[in-house]
Amino acid sequence: MLFGRPEFELNLDGAVWRFSNEGNRGAFEKHRDVYAPCFAGYDPVAIGRGRSGPGHPLIWTVAGQRLYLFYSEQTRASFLADPGRIIDTAERKWPDLAGNLGQ
């Protein structure tokens, strides 16, 4: 597994992001809305259930060219079974949950 390097670190909104090179760090910094995990890194399956479960950085998938983090292998498997439905549900519930999280 490839992890980012400390010399290409970026601190944003209390999170530390590490990249493998300067170009990747620059692209992320310039276009966070594209490269950052959806739902601020919270698990979309949990969000769809009305809960806020923080995602784990090693349990993830890309769907529709967007990054999603999950708090368990089980929630990732649930997501992969029907990503469109789960994303739609999470998008409807996210504004209320995000407001309670201070997002």
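List, please: which pairs have Cβ atoms under 9 Å, are six or more places apart or on different chains, and start with a residue in region 60-85 that is in contact (Cβ under 8 Å) with a residue 24 or more places away in the chain and farther than 14 Å from Ile47 by Cα and end with one that is in a strand (DSSP E or B) and among the hydrophobic types (A, V, I, L, M, F, W, C)?
Going by the 9 Å Cβ cut-off, the qualifying pairs are Leu67/Trp60.
Being at pLDDT below 95 and either in the same structural domain as Ala15 (by TED's automatic domain parsing) or farther than 15 Å from Ala15 by Cβ (or both): is that true of His31 here?
yes
Among the residues of region 35-67 satisfying the criterion of being among the β-branched types (Val, Ile, Thr) and within 11 Å of the chain's Cα centre (by Cα), which is surrounded by the fewest Cβ atoms within 10 Å (Cβ to Cβ)?
Among them, the one singled out is Val62.
Going by what's in this entry, would Gly23 be described as part of a helix (DSSP H, G or I), on the phi < 0 side of the Ramachandran plot and in the same structural domain as Leu12 (by TED's automatic domain parsing)?
Yes.
Taking region 48-59 only, how many residues are small (Gly, Ala, Ser) and without any contact (Cβ under 8 Å) to a residue 24 or more places away in the chain?
Count: 2.
The values are calculated or read from the model by the stated rules, or taken from the named source; none is laboratory data. Remember, it's a predicted structure, so these values are computed and weren't measured experimentally. Backbone-built Cβ (ideal geometry, glycine too); neighbour counts: all protein chains shown.
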